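Beneath this line is the structure, given in structure tokens, with notes to follow.
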Amino acid sequence: MTHSPRWTAALVVQCACTALVALGAAFASYRHGRIFAARFGADLTTAAIWPLIVDGLLTIATVELWKRAGTTGRRTAWSAFGFGISLSLCANIGATDNLTALGVIVAASPPLALLLAVELLNRALHHSRTPGAETAETVRETMSPAPETEPEASPANAEQRMWQHFVREHAHGRTPTGAELDRVANTHNYGRRILRTWRETGRLERLTAEHSRT
């Protein structure tokens, strides 16, 4: 279950800073992406569209990561985001004329900064999500009454259920015990007494005689 984040001042500032980083990275990515695409065979129209494709993929993946903060199933979103970052990184480095170490660092900084900013904001959104619904559900489960046990049957009903079970088992050559009859009728220490009563009244003898005749 996904809960709404608690919008604290720190989270608002972090969102604003991430937006600034994203805008800066998008501006640098567009310029470098257009140069990169034109340098490696794209015509002017395609070169102008190519950076928008990369930035659009990054935007979609970023929104999906924010929606799925704190949940499973984010592998596809991270794959799309990583692919977009890789394309942006290649474009930024491939478009620079200064291939020294410092030149590569400057060119690679915008997409890497966007990657780190998105991940930090994603963690912040995950930690700020309100656990109210989950807590309430836990409280309800904790405070819910235990399932009621089946009430003990009345003596008449209990004896009838015991007798039906006894006749059924006796037909198969078994003689149920008092404890077994208690389990069948959901009674306590009543099966032994009812067995004694059946013996004293001759009910068991008549049952045995009926089965012998059949």
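The residue list Ala10, Ala28 contains one member that is part of a helix (DSSP H, G or I), farther than 15 Å from Asn92 by Cβ and small (Gly, Ala, Ser), which is Ala10. Among the numbered conditions (1) more than 41 Å from the chain's Cα centre (by Cα); (2) surrounded by fewer than 16 Cβ atoms within 10 Å (Cβ to Cβ); (3) on the phi < 0 side of the Ramachandran plot, the only one that Gly41 does not meet is (3). If you go through the stretch 161-172 and keep only what is assigned to a helix (DSSP H, G or I) and over 48 Å from the mean Cα position of the chain (by Cα), you end up with Trp163, Gln164, Phe166, Val167, Arg168, Glu169, His170, Ala171.
Is it the case that the stretch 63-86 has a residue that's among the aromatic types (Phe, Trp, Tyr), in a helix (DSSP H, G or I), out of contact with any strand residue (DSSP E or B) (no Cβ under 7 Å at 6 or more places or on another chain) and at pLDDT 85 or above? Write out each step before concluding.
In the first step, residues of the stretch 63-86 are kept if they are among the aromatic types (Phe, Trp, Tyr); the result is 66, 78, 81, 83.
If we keep only those that are in a helix (DSSP H, G or I) too, we end up with 66, 78, 81, 83.
From what is left, the residues that are out of contact with any strand residue (DSSP E or B) (no Cβ under 7 Å at 6 or more places or on another chain) are 66, 78, 81, 83.
Those still in the list that are at pLDDT 85 or above too: 83.
Scanning the stretch 63-86, I find at least one residue that is among the aromatic types (Phe, Trp, Tyr), in a helix (DSSP H, G or I), out of contact with any strand residue (DSSP E or B) (no Cβ under 7 Å at 6 or more places or on another chain) and at pLDDT 85 or above, so the answer is yes.
Of the numbered criteria (1) modelled with pLDDT of 70 or more; (2) open to solvent by 50 Å² or more (accessible area, probe 1.4 Å); (3) not in a helix (DSSP H, G or I), the one Ala146 fails is (1). In the condition set (1) open to solvent by 60 Å² or more (accessible area, probe 1.4 Å); (2) within 30 Å of Leu195 (Cα to Cα); (3) at pLDDT below 80, Ser154 is compliant with all but (1). Residue-level analysis places Thr175 among those that are open to solvent by 80 Å² or more (accessible area, probe 1.4 Å), at pLDDT 75 or above, outside any helix (DSSP H, G or I) and among the β-branched types (Val, Ile, Thr). Take the conditions (1) under 17 Å from Ile85 (Cβ atoms); (2) open to solvent by less than 70 Å² (accessible area, probe 1.4 Å); (3) of a type outside the set (D, E, K, R); (4) modelled with pLDDT of 85 or more; Ile53 misses just one of them, which is (2).
Residues in the stretch 178-214 that are modelled with pLDDT of 85 or more and polar (S, T, N, Q) were compared, and the one that is farthest from the chain's Cα centre (by Cα) is Thr201.
The values are calculated or read from the model by the stated rules, or taken from the named source; none is laboratory data. Predicted, not measured: the structure shown is a model, and the values here were computed from it. When we count neighbours, we look across all protein chains shown, and the Cβ atoms used for this are built from the backbone with ideal geometry, even at glycine. Just the protein is used for accessible areas: all its heavy atoms, side chains included, with ligands, DNA and RNA removed. Shrake-Rupley method; radii C 1.70, N 1.55, O 1.52, S 1.80 Å.
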